[in-house]
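So the structure is just underneath, and the comments pick up after that.
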Amino acid sequence: MHLKSINIENFRGYKNKTSMDFNDLTAIVGKNDIGKSTILEALDIFFNDGKGLIRIDKDDVNIECQNNGNFDISISLIFDELPGTIVIDTANETTLKKEYLLNDTEDLEIVKIFNRSTVKTYVKAIHPKNDKCSELLTKKNGDLKKIVEELGLSCDKTKNAEMRAAIWNHYNGDLQLGVSDLDVGSKDGDMKSIWTKLKTFLPYYSLFQSDRKNSDGDDEVQDPLKEAVKQIMLEEGIKSKLNEVANSVKTKLQEVSNSTLRKLQELNPQIADSLHPNIPDTESLKWSDVFKGLSIYGDGGIPINKRGSGVRRLVLISFFRAEAEKRMTEENNPSIIYAIEEPETSQHKEHQRLLITALKSIAKRPNAQIIITTHSSDIVKQLTFEDIRLLLKENDGVTVKRVQQGCLPYPSLNEVNYKAFNDISEEYHNELYGYLQSCAVEENSNNEKQKDFDNWLVGKNNAISKNKRWSRVRGNICDCTGQTYIRNFIHHPENSNNILYSIDELKISIEKMVKIAMDMQV
C-alpha cells in the first residue's frame, strides 16, 4: 500500500484537523518549530501505536483542546494502491470494495484515536447504514446464516464474505450508504480478522531524527557496527547459540575447577575447603565486548569515530537505511517509508546534492516512499514543485500548502521563504538577478554586459533607474541600478570602496525584480 495522505487533529500545535498529502518523495519546509517534525512523529505514533521510537504522552494533547476537556488525539492515514484481494482464512477471500471498507475516493482510510494510554482504531468508509444490513462485518457465521435463510438467499453458507455479499445485494438500492467509523477491535465477525490481514499490507515506517543519536559520544554515531553488534546479539537464534557455547564452557570450567580442588585437597585440605569456583551465569556474559575493537576504517587506518561529523552522519544514514530494509524483510512488509529529518545536517553542499540524488532514486522504486524535512536551498532546488509542502501559521493553526511556481522556473527555498514569511535574503536577490539576466540575454545576447542589462531592467520597470554609483577596485566608477549595485557588493566582498546597502534597499530591489518577473509571465 502507498501512503496518500495524513490527517492530524488535537496533536501538539495541530489543534484543528490538518491534512497533508504525500508523493513518492515529499519535502516538508517551513519555519523552525512550526510542526515539520511533528508530522514525521505522528506517522511513527500511528504505525507503532505510540510505542515505537516516539512515545505518546499527555503533553502531546493540544493545550487549548486539553483546557476544553478534549483529550482525544486523532491521527488518520489514507492509503491507495491497495491489495486486490484479502484472504481472511483459507475459505474466505474478499476485497475491500466488496466489504464496503473504502472511503468516498475508494481509498483505505484508517483512523487511530489516542486517549492517554488507550488506542482505538477505525476504518472510515462509505458503508451501508440500513439497520437490516449495517453491521454484517461484526456478525458470526451462524448469525449470517440465519439472515440468509430468512431472506431465502442462495449462496455458499461456509463463506462469510459470500453471505455478506448476498445480503447486501438483496438490499441493493436501499443500502443507505454513508460515512461510518468501523471499529476494527470488534471481537465478533470478520472485522478483526480483516484488520489483522490488512496490517500485513501496511508499509514499514522508519524514522531518522536529526537530533537523536547525534552526539559524538553516542555508540551509533561513533560506529554503526558497534550498534549493529548489540542488535545482532539480541536475535533469538544468536542468543541460543551463544548460550549453548557458554554452557559448554561453563561445564568444562567446572570440571577443571573440581579436579584442581581435588588435587589441592590431597596437599592441603584446609585451603581446599576454603576455595570455591565463581563462574558467572550465562545471562550475565557481555558478548558484545568480544567485538570491542570492531570498527569501520578508512584510508590511512582512521576509524569512523575519528572522521568528521559529516562523514559519520552519512554512514549513519546508510546504516539507518540498511537496518530499515532488513527489518522490512524480516517483518514481511511489502513496502517501506523512510522519514528523514534534515538530511543536510553536517553535510557539505556537494554531499547534500549527492544525498538528495540518492533519495530521489530510492523514491522511484515501486515499494518505497521518502519523506524529509529540510532547511536546505540546495536540496529544494533539486526537487519539483509537486514534491514540496509548505507549513504556515494561519488562523490560529498550521496550514499545509503546495508550493506553486513563482518567479523562478525551479523550486527555490529562498523564494518560498520570501513568499511565505517575507524573508529578505541575499540568496534570493542573487537568484532573481541571475534569472532575469538569463531572460535578458535570450532577448538579446548583448544584454550579458552589465550596462546593457541595467538598461534592460530600466526598460522593464519604470520604478528602476541607474541612480547608484559603483566604484571598482581600481577606482573606476560607473553608474548602475540598485539591483546591480547589490549584486556587485555580494559577489565582490573584497571591494571596500563602496557603502554597504541597507536591508530596506535589499527589500525594495527584490520587490522591483519580482514585479518584472511576474509581468513577464502574464
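The values are calculated or read from the model by the stated rules, or taken from the named source; none is laboratory data. Everything quoted here is computed from the prediction, not taken from an experiment. Cβ: placed from backbone, ideal geometry, glycine included. Neighbour counts: every protein chain shown.
Computed values, structure above
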quantity	calculated
Single condition Thr38 does not satisfy, out of (1) over 12 Å from the mean Cα position of the chain (by Cα); (2) modelled with pLDDT of 95 or more	(1)
Matching option when the condition is in a loop (DSSP other than H, G, I, E, B), at pLDDT below 95, over 24 Å from Glu93 (Cα atoms) and not aliphatic (A, V, I, L, M), among Asp156, Asp188, Asp216	Asp216
Qualifying residues in region 99-130 (those that are modelled with pLDDT under 95 and assigned to a loop (DSSP other than H, G, I, E, B)) - the one nearest to Lys159 (Cα to Cα)	Ser117
Strands (runs of 3 or more DSSP E) wholly inside region 1-80 that include at least 2 residues being more than 30 Å from Leu355 (Cα to Cα)	73-80
Hey, Leu53 more than 16 Å from Lys401 (Cα to Cα) and surrounded by 19 or more Cβ atoms within 10 Å (Cβ to Cβ) or not	no
Any hit, region 491-503, residues being modelled with pLDDT of 95 or more and in contact with a Gly (Cβ under 6 Å, 6 or more places away or on another chain)	no
Residue within region 422-443 that is of a type outside the set (S, T, N, Q), within 25 Å of Lys15 (Cβ to Cβ) and either at pLDDT below 95 or assigned to a helix (DSSP H, G or I) (or both) present	no
Any hit, region 413-424, residues being within 18 Å of Lys381 (Cβ to Cβ) and out of contact with any helix residue (DSSP H, G or I) (no Cβ under 8 Å at 6 or more places or on another chain)	yes
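The rows are residues; the columns are (1) in contact with a Leu (Cβ under 8 Å, 6 or more places away or on another chain); (2) surrounded by fewer than 18 Cβ atoms within 10 Å (Cβ to Cβ); (3) more than 26 Å from Gly459 (Cβ to Cβ).
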site: Ile370; (1), (2), (3): yes, no, yes
site: Leu391; (1), (2), (3): no, no, yes
site: Thr399; (1), (2), (3): yes, yes, yes
site: Val441; (1), (2), (3): no, yes, no
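A quick yes/no check of all residues on (1) part of a helix (DSSP H, G or I); (2) under 29 Å from Met520 (Cα atoms):
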position	(1), (2)
Leu354	yes, no
Ile370	no, no
Leu383	no, yes
Val398	no, no
